[in-house]
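The values are calculated or read from the model by the stated rules, or taken from the named source; none is laboratory data. Every value quoted in this text rests on a predicted model; they were computed, and no experiment measured them. Note: ideal-geometry Cβ built from the backbone for every residue, glycine included; neighbour counts use all protein chains shown.
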Amino acid sequence: MSGVLPLPSMTRVARLKQHWVDRLAHGIVALIALVLVAFLAAPLLSILLQALQGQEGQFVWFDNFIEYAKTPALLGSLLNSLWVSCVVTGIAVPLAFSFAYALTRSCMPMKPLFRGITLIPLLAPSLLSAISLIYWFGNQGLLKGWMQGLGIDQIYGAPGIVLAECLAVFPHTLMILVTALSMSDARLYEAADAMGTSVLRKFFTITLPGARYGLISATLVTFTLVMTDFGIPKVIGGNFNVLATDVFKLVIGQQDFSKGAVVAILLLAPAVLTFGVDHFVNRRQTAMLTARAIPYRPKPSPVYDRLMMLFCSVIAGLMLAMLGMAMFASFATFWPYNLTPSWRHYQMGLLDAEVGSAFFNSLAMAAGTALFGTVLVFVGAYLLEKTKGAEKLHTLVRLLAVLPMAVPGLVLGLGYIFFFNAPTNPLGFLYHSLTLLTLCTIVHFYTTGHLTAVTALKALDSEFEAVSASLKVPFYKTFWRVTLPVCAPALIDMARYFFINAMTTISAVVFLYSPETKVASIAILNLDEAGEMGAAAAMAVLIALSSTVATLLFMALAWWTNRSTQAWRG
């Protein structure tokens, strides 16, 4: 009997240990839920409450919405936003589709080079394209006469917004469409060739139906990005008002928070609609590549490949012209009278305008966003995917994790004003701090990081956790010894994504900075308002160069990590 008694005792110890391990996992998930509620759900709720209140805090229900509808200028801004978004979507999506088609369905040379050039707008603030267009076609622009010959009086206003937005959103649209066109089964095309189907008929009966979900997603994303962008309309919009600039004028200029909240809800509406439609489309999407599928490989065609290369060269040339003009103007001593290269604008921006401190604030915010954002997102995704229990809590965190995808940065930043500036909020001490800017940026880009982490975790067999549980190994040891090394490439991709977006974001932090916590992207706006366009171009180029260096460093880290932790993939 004495040899049998210790077994139940050991079983109870093991059960007690597992109980506390589960409690630890649930506690961490609860903490993540609390963070998302405090820094996402609560600010959004504050916007809704503010829209239903009057100037003195009394509830007026929908009076602010009715008053907004009766204001011709504000209603005109809504129509302007819708018009510009539709025009940009109608231009950018077909161009991006053609470029993606050339990358995936032709044998043209230098595909990686063309693909890399199209990523340039992602490394700089969106307003870089607006600054470049002003130097090309503005009142003292290099090609102003050529533009007027086409019947366009000036670049400021709708024409400038449309052109700049097309350049800024092109890489976002292209990424979606390249993925959509890459998922094709070569057997469908072989069957069509065997039946003598024409090239045009194959395009309309095989290619377009196969890519329709990607086209829908690309269209919705493009429309939403243009609708909610703030930097480009602010720099080149002139007197052409849109919703994003109206929010800024109402809140910062007129201190009319109730009207600003109404406009924020209007900005939120298309983003939520886009998210809902995209979710519905993805649910209806069927797999294009089955286990028996054969990946499509294009066949060489000299004439067709040259035409595709010519088209891609034109698009790539426009991208390089955008960056090249900003770089050239940043070194020009006094545009357009003295084009001698000098460091004048960089000195003016970094020293005289005190943008140097703002640049270091950007680096600190980007580093904090990359580090803490990656840790928060990946730990949260791991606990949601690899631990059990507390199903309602898991459901809440999953919902909050995908919600930022439907929230424009401008709306989130406005919500932070209402929530963190409230006198009764115990978190009010964070207002105007670099910590709050970092947290806002993490929340703003949370969804993409979360989806990246979930994709990487789903690729891991659940047997790892099952074996660990059977051996009574706590989840955190499995996480540290197995999951983290295997998912290291995904972690680096997430960190790079957070860093680059934190360096270039404008809309999410435009309401939240103080003179001590101003970041470089906001400093560019201030330089533009002061008429220092050369210094603004210099700072935009500096951000682009910093993002490029950071990207190269992350690529080097990824290469080293792959050699150290991914040998098993061979």
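General observations
- Residues located in the range 510-557, provided they are polar (S, T, N, Q) and more than 20 Å from residue 324 (Cα to Cα): 514, 517, 526
- Where a residue in the range 134-161 is in contact (Cβ under 8 Å) with a residue 24 or more places away in the chain and its partner, wherever it lies, is surrounded by fewer than 18 Cβ atoms within 10 Å (Cβ to Cβ), with Cβ under 6 Å and at least six apart: 136/142; 136/143; 140/336; 156/238; 157/238
- Looking only at the range 144-173, residues that are farther than 14 Å from residue 88 by Cα and outside any loop (DSSP other than H, G, I, E, B) come to 6 in all.
- Qualifying residue in the range 143-156 (condition: closer than 24 Å to residue 528 by Cα and either within 22 Å of the chain's Cα centre (by Cα) or among the β-branched types (Val, Ile, Thr) (or both)): yes
- Residue check for residue 547: touching a Pro at 6+ places or on another chain (Cβ under 6 Å), not in a loop (DSSP other than H, G, I, E, B) and not basic (Lys, Arg): no
- Residue in the range 381-404 that is within 23 Å of residue 247 (Cα to Cα) and modelled with pLDDT under 95 present: yes
- Condition check for residue 449: at pLDDT 85 or above, surrounded by 24 or more Cβ atoms within 10 Å (Cβ to Cβ) and closer than 23 Å to residue 486 by Cβ: yes
- Here residue 125 clears all of (1) under 26 Å from residue 504 (Cα atoms); (2) in contact (Cβ under 8 Å) with a residue 40 or more places away in the chain; (3) part of a helix (DSSP H, G or I) except the condition numbered (3).
- Enumeration of residues in the range 301-326 that are buried (at least 19 other Cβ atoms within 10 Å of the Cβ) and over 22 Å from residue 105 (Cβ atoms): 322, 323, 325, 326
- When residues of the range 350-365 are limited to those that are at pLDDT 80 or above and among the hydrophobic types (A, V, I, L, M, F, W, C), the one surrounded by the fewest Cβ atoms within 10 Å (Cβ to Cβ): 360
- Matching residues, the range 86-130, being of a type in the set (S, T, N, Q), over 20 Å from the mean Cα position of the chain (by Cα) and farther than 18 Å from residue 176 by Cβ: 106
- For the range 354-384, a residue qualifies if it is of a type in the set (Gly, Ala, Ser) and closer than 16 Å to residue 554 by Cα, and the qualifying residues are 366, 367, 368, 370, 373.
- Matching residues, the range 131-159, being closer than 30 Å to residue 181 by Cβ and not polar (S, T, N, Q): 133
- Residues being loosely packed, with under 13 Cβ neighbours inside 10 Å and in a helix (DSSP H, G or I) - total across the range 50-68: 1
- Any hit, the range 261-274, residues being at pLDDT 85 or above and farther than 27 Å from residue 163 by Cα: yes
- Checking each residue in the range 68-85 for being over 30 Å from residue 164 (Cβ atoms) and in contact (Cβ under 8 Å) with a residue 60 or more places away in the chain picks out no residue at all.
For (1) closer than 30 Å to residue 119 by Cα; (2) among the hydroxyl-bearing types (Ser, Thr, Tyr), each residue gets a yes or a no:
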{"site": "173", "(1), (2)": "yes, yes"}
{"site": "181", "(1), (2)": "yes, no"}
{"site": "245", "(1), (2)": "yes, yes"}
{"site": "258", "(1), (2)": "no, yes"}
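- Residues that are in a helix (DSSP H, G or I) and charged (D, E, K, R), drawn from the range 214-270: 234, 246, 249, 259
- Matching residues, the range 503-518, being under 18 Å from residue 130 (Cα atoms) and in a loop (DSSP other than H, G, I, E, B): 505, 506, 507, 510
- If only residues of the range 120-162 that are under 17 Å from residue 335 (Cβ atoms) and of a type in the set (Ser, Thr, Tyr) are counted, the one that is surrounded by the fewest Cβ atoms within 10 Å (Cβ to Cβ) is 156.
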